[in-house]
Amino acid sequence: MELERHSYDVVVVGAGGAGLRAAIAAHEAGARTAVVCKSLLGKAHTVMAEGGIAAAMGNAYAEDDWRVHFRDTMRGGKMLNHWRMAQLHAQEAPDRVRELEDWGALFDRTPDGLISQRDFGGHRYARLAHVGDRTGLELIRTLQQRTVALGVDVYMECTVTRLLTGPAGGGGAGEEHGITGAFGYWRESGRFLAWEAPSVVLATGGIGKAWKVTSNSWEYTGDGHSLALAAGAGLVNMEFVQFHPTGMVWPPSVRGILVTESVRGDGGVLRNSAGNRFMFDYIPDFFRKETAETEDEADRWYDDKKNNRRPPELLPRDEVARAINSEVKAGRGSPHGGVFLDIASRRPAEYVRRRLPSMYHQFKELADVDITAEAMEVGPTCHYVMGGVEVDPDTAAASVPGLFAAGEVAGGMHGSNRLGGNSLSDLLVFGRRAGAAAAEHAGKRAGLVALREEALAEAARAALEPFEREGGENPYAVQSELQQTMHDLVGIIRTAPEMERALKRIAVLRERVAALSVEGHRQYNPGWHLALDLPHLLAVSECVARAALAREESRGGHTRDDFPAADPGWGRLNLVCTRTPDGAVTVTRQPLPEMPPELAEVFEEQT
Amino acid sequence: MTEPGEPSIGAVDEGQGGNRGGYDATFRVWRGEASGGELQTFTVPVNEGEVVLDVIHRLQATQAGDLAVRWNCKAGKCGSCSAEVNGRPRLMCLTRMSTFAEDETVTVTPLRTFPVIRDLVTDVSYNYEKAAQIPAFTPRPRDPDGNHRMQQVDVDRPQEFRKCIECWLCQNTCHVIRDHEENKAAFAGPRFLIRLAELDMHPLDVVDRRDAAQEEFGLGYCNITKCCSEVCPEGIHLTDNGIIPLKERVVDRKYDPLTWLGSKIRRRRPD
């Protein structure tokens, strides 16, 4: 068929931190590389990251090293993380941060002129390289400028709707079946295009738009998760969804927008309506040895970490989010259904404005609240999915030859719960690895993949279907209902009957999506774009609900009211979602990879 | 987890209109494409605490499903939802409805300096072309231990410009190119003049871009009327802290090589 066609070695889908870092690595490895992104370059969700990049550089505490970071990461994920990913991540993050400086990043400094590092939940030492509270902007701008300087081709405002697969690699009997390219459309014109490429790197981020209260932007519709599933890859750990403990709750239009954990890292505390620092009542046994018991000890910790233990406000995010949820349910919440986050009474106004400039700005502009003078109202917001494409730790390769995944769309690195700051380091470490491995894979298959004409015609036909139907439902209504369903039935606290109801509703929504209509024409039509994103959202929602229903225990970002305790048996199992030939999602149990003894020793050392 | 008062299953949030603190607003939104268009009038409910972008989203969900608009973070961090609201260049996500009287008509039009693609979406590729022309950051070598050392005081100045979220409001408002398409080839616009200033102030960068600033990026076109600083949602002092110092450094280089050498030496950090 007639359409715009391109040929590359590596096509990277997504231009957040992971995608851009992958593109840089692929380009530097000599691959002809393209980046495809739904928004303009530099607008990806990475820009929203506030706190920093976790890396055991040892600039603030010489005692810090990769083993401590590895241990913190595994414990934060309740030991469900893929040990090899956590190891590579902790080992390589410092180099990935230093290299950003060679590309122009300007981090805040220590008095010695080194990169300053700040405290964050779950990290034993101050270890987040940061720029005030706008670290994500610095990261994305640095990678964007590097990508442009290298001359990598960028397809902006362009959406991939299909991964193309077929014979990939030489021909002959038993020929390998794998990635041959991708199909998509220009948002501006609605015209279709296809890329022929033996390697595709998915770096599409998360799935947060399946929930009603979320810190995620419109782009986070699980495209990469769903594309990988359709191409035959498995999704691991999908039941683990992180609800960030502190999202804005008022006014309603900003509900869900993130309030950085740095507020707590820099001295802010959580209080209920009675003014109590309630987090002291929610310290789990798992973290009791390393958490302060009194307010005095907690307050001394900010200046003297050797002789004091960390404040409970800096427990991992899953613990804090559940605690806030419980306080609100018990009737001790703030006027608008959250709790109070108070830094005003604890730090001078000048300090708050210097350390947290964008939070100051955000509350002033959006809520008319001066955070240097009064407490913020905060509550949990859907923030991050730990689950994603199952990949080989060293190469980020999925089980489908030629398919790679890095960043939030990949699973395994964070186990059942991600520590703050580990996302930006994750996307740098595994973005680079994915890009390099994708380039190597493509190098062996140059000229050996071809796009099947029928597949292109079928992809085009499917994309235009919503225009063909008259009188169908509005896509916005279906999205809104899905968000409410996931919010009500597959939220922070889950039960079997609720998730079964959610699955029934998702099945009904799938039929409704198949009958949608959109108005207008193909040129920059957001209703049409949403109609094409909805099947992805439904696919990932189903995976989350099915995996969450199967895991009969509570762990990290998965809390079952009907199974409130962690179960050692489940602690040795991953759940992997795959597509069956008839389009259904199946969930299979898979034993965790075994950690080698020299790494296991890290957990026996005195804390 | 449903809280009281939340919309019931399946409902698009249609707004609360006259109930519970809401009201019906009159919006005039420019709709059309490159070949032309017009202002369309809508009556749309507004809830307490909302911003202009919320109302635009409600129009999409309930009255105009194909209304084209860019947005991402909805928190003033990504710089996507730029438009002109009652003639003023603004981020729609940071423009609170409470800044308008309830009976005031709110008019939303696309950025004027860039060609319209559709409705509120404009072709901003001019900016990306200029960005690609800036000579890239080039660092001095790392210290022997593999680190770069910089003092916070030296980092503060360029960090101000790195707060830029590339919303293009400064480019849109700059009179050198607003209504002067012919100047676009020779003038990079305030966003990229402060990018040049940032690189010039960057403690690690070793490239001199001052001739290029004048000759290739049109620094001389700027007559420091400061319109760009006024519209910057990040509060960056583009003119005072970026463009004027850059102009001074260009003059230094042109007329007094010794002063230039001296300033370079003074700025260098002890090893």
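The values are calculated or read from the model by the stated rules, or taken from the named source; none is laboratory data. Predicted model, so just to flag it, every value in this text is computed and none were measured. Counting neighbours? That spans all protein chains shown, and the Cβs are built from the backbone with ideal geometry, glycine included.
Annotations
- Residue in segment A:501-520 that is modelled with pLDDT under 95, polar (S, T, N, Q) and either in the same structural domain as A:ALA539 (by TED's automatic domain parsing) or closer than 24 Å to A:GLY583 by Cα (or both) present: yes
- Unique residue being closer than 24 Å to A:PRO564 by Cα and in a helix (DSSP H, G or I) when the list is A:ALA531, A:ALA502: A:ALA502
- Considering residues of segment A:269-313 that are within 21 Å of A:ASN422 (Cα to Cα) and at pLDDT 95 or above only, the residue nearest to the chain's Cα centre (by Cα): A:GLU313
- Enumerated helices (runs of 4 or more DSSP H) restricted to segment A:220-320, each holding at least 3 residues that are surrounded by 17 or more Cβ atoms within 10 Å (Cβ to Cβ) and charged (D, E, K, R): none
- You will find that of A:ALA60, A:ALA56, the residue that is touching a His at 6+ places or on another chain (Cβ under 6 Å) and assigned to a loop (DSSP other than H, G, I, E, B) is A:ALA56 and no other.
- Given (1) more than 14 Å from chain B (Cβ to nearest Cβ); (2) under 22 Å from the mean Cα position of the chain (by Cα); (3) not aromatic (Phe, Trp, Tyr), index of the condition A:VAL68 fails: (2)
- Counting only residues that are farther than 19 Å from A:VAL369 by Cα, without any contact (Cβ under 8 Å) to a residue 60 or more places away in the chain and within 14 Å of chain A (Cβ to nearest Cβ), segment B:37-51 holds 4 of them.
- Helices (runs of 4 or more DSSP H) fully within segment B:74-189 counting 3 or more residues that are within 22 Å of B:ASP240 (Cα to Cα) and more than 7 Å from chain A (Cβ to nearest Cβ): B:152-162, B:169-173
- Some residue of segment A:513-524 being closer than 17 Å to A:GLY184 by Cα, in contact (Cβ under 8 Å) with a residue 40 or more places away in the chain and crowded, with 23+ Cβ neighbours inside 10 Å: yes
- Residues in segment A:79-107 that are crowded, with 22+ Cβ neighbours inside 10 Å and outside any helix (DSSP H, G or I): A:LEU80, A:ASN81, A:HIS82, A:GLY104, A:ALA105, A:LEU106, A:PHE107.
- Test for B:PHE192: is it closer than 24 Å to B:ASP252 by Cβ and more than 8 Å from chain A (Cβ to nearest Cβ): yes
- Screening B:ALA75, B:ALA25 for residues that are under 26 Å from A:GLN479 (Cα atoms), of a type in the set (A, V, I, L, M), surrounded by 19 or more Cβ atoms within 10 Å (Cβ to Cβ) and modelled with pLDDT under 95 leaves exactly one candidate, B:ALA75.
- Test result for A:VAL400, buried (at least 24 other Cβ atoms within 10 Å of the Cβ) and either assigned to a loop (DSSP other than H, G, I, E, B) or of a type in the set (Lys, Arg) (or both): no
- Number of residues in segment A:246-289 that are away from chain B (no Cβ under 14 Å), over 25 Å from A:ILE53 (Cβ atoms) and of a type in the set (Phe, Trp, Tyr) equals 4.
- Taken together, the residues in segment A:553-577 that are in contact with a strand residue (DSSP E or B) (Cβ under 6 Å, 6 or more places away or on another chain) and either touching a residue at least 24 places away in the same chain (Cβ under 8 Å) or crowded, with 21+ Cβ neighbours inside 10 Å (or both) amount to 10.
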